[in-house]
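Notes for the one structure printed next.
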Amino acid sequence: MKEIITSEFDSEVLQAGKVVLDFYSTECPPCEALASKFEDLSDLYGKDIKFIKIFRQQNRELAEKLSVKSSPTLLFYKDGKEVAERLTGGIRRKDIIRNLDSMLSEDKVAHIKSKVKPSVSEFDVIILGAGPGGLTAGLYLCQAKINTVLIDISLPGGHVSTTHEVSNYPGFIEPQAGYLLSHNMSEQTKLCGTVYKVAVDITKVDLEKKEVLIDEYETVKARMIVIATGTTPNLTGAPGEKELKGKGISYCATCDGKYMDGKEVIVIGGGNSAVEESEYLTRFAEKLTIVHQFDKFTANMQAQEKAFNNPKISMIFDSEPRHFVRDGEKIVVEIENVKTRERRKLTTDGVFIFIGMKPNIELFRGKLELDKWGYIKTNEDMQTSIPGIYAVGDVISKKYRQITTAVADGTIAAMAISKELI
Ligand SMILES: Cc1cc2nc3c(=O)[nH]c(=O)nc-3n(C[C@H](O)[C@H](O)[C@H](O)COP(=O)(O)OP(=O)(O)OC[C@H]3O[C@@H](n4cnc5c(N)ncnc54)[C@H](O)[C@@H]3O)c2cc1C
């Protein structure tokens, strides 16, 4: 593996056969998450493909010339030409491997695969999920000098990292940008010494043996596991939704609201997220219509008041979406009045769906006791039905799901585990 500067780009990349080039930055959590994967893969593939790093902040002009817009970005070159898809954000090992393999012959790939050795690492505690619940458990465990690893299929932060503003987390007078609050939580836990394995694929979890298999080759073992995997947004299930997901239909106002400048938007839902995020979306959208299945919202009164007083927001009650279809640049949403059965079509620039969440328990289904909605049952110490397995945050059975409640659960689990492990 080698680090280069702009003047070496021609000789070290364009004239160097097969190359993978990592544009990285400092103070960049996804770059940190990539670093160990890049190094590990350079040991495996390094004889056939050159692994090169370049510091984006000091080689800005080259980055701009190559249209590199975020860090990290991985570019793949063969004989001076860029090949394979560029990778950015929380880059997964399997995606890098797919691109590297596409640059080599089948024989070479088979030879490299035969060199992959399974690895095993051991900790006192594995935390699955690095949202507020998992990060807090990690912080407390780390401060109690308990050897802990945080494993997440995505980058750390959970839902908070994509929430535009958080105004109800104690300790801050002004509302905090969600990404900043989650970044600070994550850095605090990391600085303490908790090991991070993020943007990984979790292929298997054995709750009885307390083992987690990541990226198909690395077994992580521990004495206890904390499940902090949170929730995923529900889909309406209407035809067209899956096809238009990420192509006009979004589940994250912070991520996609900024593309709605001066546009018309439809929001589906009527709870806290739908009404609060609608208010935020009107920073960009010219006109916003909330479509809600009941005759009144279930959001808190403060959020409702703001929405009713916002001249950009209008509401359609007693209605559900039945069909989403693209029409050129626009999306046509067919809605049905659930009382009169009357259907009509609304044309819009973008759709945001906030209709609740489902717990992320696929890896543990059938193994743990769940409530009737599929959330994990715990006792007051956050212990689940399997000894040594704890669960915290939005994934557990409880009435209220907030950052503060997830953080509280993480604290309780960590303190209970600390006592058990002494
Ligand atoms: C749009 C929106 C706005 C919100 N606004 C607020 C607010 O203003 N104030 C407030 O208090 N609360 C708010 N909430 C709720 C708050 O974000 C959650 O209650 C909180 O994030 C729950 O934390 P958590 O750690 O349990 O789960 P999450 O934040 O959901 O984090 C779960 C983590 O687990 C990871 N994960 C998922 N599956 C796996 C797996 N199989 N293995 C490993 N890792 C996995 C995910 O990648 C994620 O990082 C909001 C929620 C949403 C959706």
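Read the figures in this text as sums done on the coordinates, not as results from a lab. None of these values were measured; they are calculated from a predicted model. Here Cβ is always computed from backbone atoms with ideal geometry, including for glycine, and neighbour counts include all displayed protein chains.
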Residue pairs meeting the criteria (Cβ under 8 Å; at least 6 apart or on separate chains; first under 18 Å from Phe352 (Cβ atoms), in the range 151-169; second more than 6 Å from the ligand (Cβ to nearest atom) and outside any helix (DSSP H, G or I)): Ser161/Leu155; Thr162/Cys252; His164/Ala177; Glu165/Pro175; Glu165/Gln176; Glu165/Ala177
Among (1) crowded, with 16+ Cβ neighbours inside 10 Å; (2) of a type outside the set (S, T, N, Q); (3) on the phi > 0 side of the Ramachandran plot - the single one Phe76 does not satisfy: (3)
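Please state which one of Tyr140, Tyr169 is under 28 Å from Lys204 (Cβ atoms) and aromatic (Phe, Trp, Tyr). Break it down stepwise before answering.
Numbers: Tyr169 fails: under 28 Å from Lys204 (Cβ atoms).
Exactly one of Tyr140, Tyr169 is under 28 Å from Lys204 (Cβ atoms) and aromatic (Phe, Trp, Tyr), namely Tyr140.
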Qualifying residue in the range 204-224 (condition: within 19 Å of the chain's Cα centre (by Cα) and within 30 Å of Val351 (Cβ to Cβ)): no
Residue in the range 129-151 that is in contact with a Phe, Trp or Tyr (Cβ under 7 Å, 6 or more places away or on another chain) and within 14 Å of the ligand (Cβ to nearest atom) present: yes
Residue ID - farthest from the ligand (Cβ to nearest atom), chosen from residues in the range 248-283 that are under 13 Å from Lys306 (Cα atoms) and of a type in the set (Gly, Ala, Ser): Ser278
Wholly within the range 318-422, strands (runs of 3 or more DSSP E) carrying at least 2 residues that are of a type in the set (D, E, K, R) and more than 16 Å from the ligand (Cβ to nearest atom): 319-327, 330-337, 343-348
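Looking at the range 103-146, which of its residues are free of Cβ contacts under 8 Å to residues at least 40 places away in the same chain and either of a type outside the set (A, V, I, L, M) or in contact with a helix residue (DSSP H, G or I) (Cβ under 7 Å, 6 or more places away or on another chain) (or both)? Don't jump to the end; show me each part of the working.
If we filter the range 103-146 for residues that are free of Cβ contacts under 8 Å to residues at least 40 places away in the same chain, which is where we start, we get 105-107, 109-111, 113-114, 145.
Those that are free of Cβ contacts under 8 Å to residues at least 40 places away in the same chain and either of a type outside the set (A, V, I, L, M) or in contact with a helix residue (DSSP H, G or I) (Cβ under 7 Å, 6 or more places away or on another chain) (or both): Ser105, Glu106, Asp107, Val109, His111, Lys113, Ser114, Lys145.
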Elements of type strands (runs of 3 or more DSSP E) contained in the range 28-123, each with 3 or more residues being farther than 30 Å from Met224 by Cβ: 50-55, 73-78, 81-88
